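In what follows, a structure is listed as structure tokens, so that the remarks can point back to it.
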Amino acid sequence: MWRSCQWLFYARPPQTPWLCLTPPVGGPSLSLLGTARTYTPPTERKRFYQNVSISQGEGGFEINLDNRKLKTPQAKLFTVPSEALAIAVATEWDSQQDTIKSYTMHLTTLCNTVLDNPSQRNKDQLIRAAVKFLETDTVCYRVEEPAGLVELQKNEWDPMIEWAEKRYNVEIGSSTSIMGPNIPARTKDTFTSHLASYNMWALQGIEYVITQLKSLILSMGLIDRHIPVEKAVQLSRLEEEYQIQRWGNVEWAHDYDLYELRARTAAGTLFAHLCSESSTVKHKLLQD
């Protein structure tokens with residue numbers, strides 16, 4: 001029964017294949033479930049535990065499902081560095097009802113990604129991937145028409161660029177060219193140095209948020225608590241929302257995309273914050 005935990009998803013950028021571990025006869029194997037824009041019925045498993053708690057071990061804080069220790073898809077002990085993060089992950093498991101919906105457990109997914117590191121990326125590679133988004137940052141690419149969208153981008157995105165330039169003392173700018181803006185090397189170096197101040201766990205959360213919003217600028221606005229999740233998501237979907245206002249909404253599809261993006265972005269931001277905080281919270285069990 002415990003092996004049923006091993007199908008958990010790893011964190012993944014949007015519009016890339018979803019990989020999960022499924023437990024067929026003979027052990028878990030990789031299955032390709034589709035892309036973020038293609039609907040595939042999500043995998044669910046029957047809830048096999050009653051109680052969820054946390055405990056402190058030699059390597060950090062652990063999650064207990066009844067008397068069993070939670071494991072990663074690669075069968076490593078699921079251990080996190082922060083008690084607050086452990087409680088948040090335990091809450092995800094405790095909130096599952098009759099079936100375990102892994103696609104709702106974004107914090108667990110992010111922890112699995114850090115612990116198993118399926119892409120084998122180190123800290124420098126994570127930082128380079130994050131900074132590279134500046135070259136194609138959502139808020140830096142502008143249209144030349146229609147006039148309504150041009151004005152909307154200026155009014156909504158310019159303040160974010162101005163905030164980032166002032167906050168980090170850099171030059172960013174915007175462009176209508178297909179090649180995008182010419183980001184100075186000094187700007188990239190500044191963001192590289194800033195991201196290097198975060199630990200590997202927090203970086204994983206930050207990079208996850210960046211891939212959701214397709215914007216380093218919006219993501220840093222979130223991490224720095226300059227804007228809330230709802231605003232960051234709205235700004236990342238500005239052109240899409242403009243088109244919806246003109247041509248109408250696909251009743252379930254657009255709403256689903258919006259709420260999913262908010263959930264993933266909020267989880268990544270919370271993950272980064274919980275992994276950056278050094279203070280501990282009072283030990284607590286989730287059950288009465």
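The values are calculated or read from the model by the stated rules, or taken from the named source; none is laboratory data. These numbers were taken from a predicted model, which means no experiment stands behind them. Every residue, glycine as well, gets a Cβ built from its backbone with ideal geometry; the counts of neighbours run over all protein chains shown. Heavy atoms of the whole protein, side chains included, go into the accessibility calculation; ligands, DNA and RNA do not. Shrake-Rupley method; radii C 1.70, N 1.55, O 1.52, S 1.80 Å.
Observations
- Condition met for residue 265 (among the β-branched types (Val, Ile, Thr), open to solvent by less than 10 Å² (accessible area, probe 1.4 Å), closer than 20 Å to residue 89 by Cβ and in a helix (DSSP H, G or I)): yes
- The requirement of being part of a strand (DSSP E or B) and over 23 Å from residue 262 (Cβ atoms) is fulfilled nowhere in the stretch 81-92; no residue meets it.
- Qualifying position, being of a type outside the set (Asp, Glu) and either surrounded by 15 or more Cβ atoms within 10 Å (Cβ to Cβ) or in contact (Cβ under 8 Å) with a residue 24 or more places away in the chain (or both), among 150, 114: 114
- Verdict on residue 56 being farther than 22 Å from residue 268 by Cβ, modelled with pLDDT under 50, in contact with a strand residue (DSSP E or B) (Cβ under 9 Å, 6 or more places away or on another chain) and surrounded by 12 or more Cβ atoms within 10 Å (Cβ to Cβ): no
- Residues that are of a type in the set (Phe, Trp, Tyr) and loosely packed, with under 14 Cβ neighbours inside 10 Å were ranked within the stretch 229-258; the one that is modelled with the highest pLDDT is 256.
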